[in-house]
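Scroll down for the structure; my scribbles are underneath it.
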Amino acid sequence: MKITNVEGIILCLPVRQPVADGTQDDLLIRIETDEGITGYGEVDTCPEVGKAVVDAAMSHGTCYGLREILVGKDPFDIEQIWELMYRKTHYYGRLGVVMHAISGVDVALWDIVGKAVGKPVHKLLGGSYCSDVRAYASLLMPDNVPEVREAVRRYVAEGFTAVKLGYSLKEAMQAAREFEDIGIFWMEEPLPPRGV
């Protein structure tokens, strides 16, 4: 089996708002093979920049777009492909959007392998450790404490047992102290990656 095409597909709402809301836009990686199997990976990044990482042509003989790296490769060679992508993108990035795009390709490759062997990806990665996954409600941080209380009450009434709120550094530190006092044991993404 060989990879025949790699595409970055931008998904976005008709109008994007200047708020930290990851549901407004996204990048979908689609990898096609010569055996008709297609794999998909999702990338939560700036979709236009992520697509550029996929589409970029070779430059300086030292940096390549992901499509150029992947076409012709065997999608089962995931580890070797990952190392190749990492090496051939070093000129323009080892952090941020490049790693986001590489991660989306990685997911799409696993999707192809799972489809090819007729197994769910979690089985290929060692099996699952649970049969149920706890869903949580996710929202941007409301403007004031009463709005937070109302939003959390609404989600609890809908059956959610966990809620994710957006935080600033100051709010995250204050919340962590208060959560510790009431026995909450997990804060997902309390701060943006690499600081503010």
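The values are calculated or read from the model by the stated rules, or taken from the named source; none is laboratory data. If you're wondering where the values come from, they're calculated on a predicted model, not measured in any experiment. Methodologically, a virtual Cβ is constructed for each residue, glycine included, from the backbone with ideal geometry; neighbour enumeration extends over all protein chains shown. Please note that ligands, DNA and RNA were not included when accessible areas were found on the heavy atoms of the full protein model with its side chains. Shrake-Rupley method; radii C 1.70, N 1.55, O 1.52, S 1.80 Å.
Here are the numbers for the structure shown:
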quantity	calculated
Enumeration of residues in segment 140-183 that are aliphatic (A, V, I, L, M) and touching a Phe, Trp or Tyr at 6+ places or on another chain (Cβ under 8 Å)	MET141, ALA162, VAL163, ALA175
Conditions (1) within 22 Å of VAL121 (Cα to Cα); (2) open to solvent by less than 50 Å² (accessible area, probe 1.4 Å); (3) not in a strand (DSSP E or B): number failed by VAL6	(3)
Any hit, segment 140-163, residues being surrounded by 11 or more Cβ atoms within 10 Å (Cβ to Cβ), out of contact with any Ser or Thr (no Cβ under 8 Å at 6 or more places or on another chain), small (Gly, Ala, Ser) and at pLDDT below 95	yes
First in segment 17-43 and on the phi > 0 side of the Ramachandran plot and open to solvent by 30 Å² or more (accessible area, probe 1.4 Å), second anywhere and outside any loop (DSSP other than H, G, I, E, B) and modelled with pLDDT of 95 or more, Cβ under 6 Å, 6 or more apart	none
Single unsatisfied condition, LEU140 versus (1) in contact (Cβ under 8 Å) with a residue 24 or more places away in the chain; (2) touching a strand residue (DSSP E or B) at 6+ places or on another chain (Cβ under 6 Å)	(2)
Out of LEU84, LEU70, LEU109, LEU66, sole residue that is open to solvent by less than 70 Å² (accessible area, probe 1.4 Å), over 19 Å from the mean Cα position of the chain (by Cα), among the aliphatic types (A, V, I, L, M) and under 19 Å from THR45 (Cβ atoms)	LEU70
Subset tally (residues that are among the hydroxyl-bearing types (Ser, Thr, Tyr) and at pLDDT below 95) for segment 27-48	1
Flag if GLU48 is open to solvent by 30 Å² or more (accessible area, probe 1.4 Å), without any contact (Cβ under 8 Å) to a residue 40 or more places away in the chain and among the acidic types (Asp, Glu)	yes
Where a residue in segment 100-123 is in a helix (DSSP H, G or I) and its partner, wherever it lies, is open to solvent by 40 Å² or more (accessible area, probe 1.4 Å) and small (Gly, Ala, Ser), with Cβ under 8 Å and at least six apart	HIS122/SER128
Number of the exception - ALA57 against (1) among the hydrophobic types (A, V, I, L, M, F, W, C); (2) under 14 Å from the mean Cα position of the chain (by Cα); (3) open to solvent by 50 Å² or more (accessible area, probe 1.4 Å)	(2)
Members of segment 41-62 found to be assigned to a strand (DSSP E or B) and either of a type in the set (Asp, Glu) or touching a strand residue (DSSP E or B) at 6+ places or on another chain (Cβ under 6 Å) (or both), listed by number	GLY41, GLU42, VAL43
Qualifying positions in segment 164-196 - touching a Ser or Thr at 6+ places or on another chain (Cβ under 9 Å), among the aliphatic types (A, V, I, L, M) and at pLDDT 75 or above	LEU165
ALA135 being in contact with a Phe, Trp or Tyr (Cβ under 8 Å, 6 or more places away or on another chain), open to solvent by less than 50 Å² (accessible area, probe 1.4 Å) and not acidic (Asp, Glu)	no
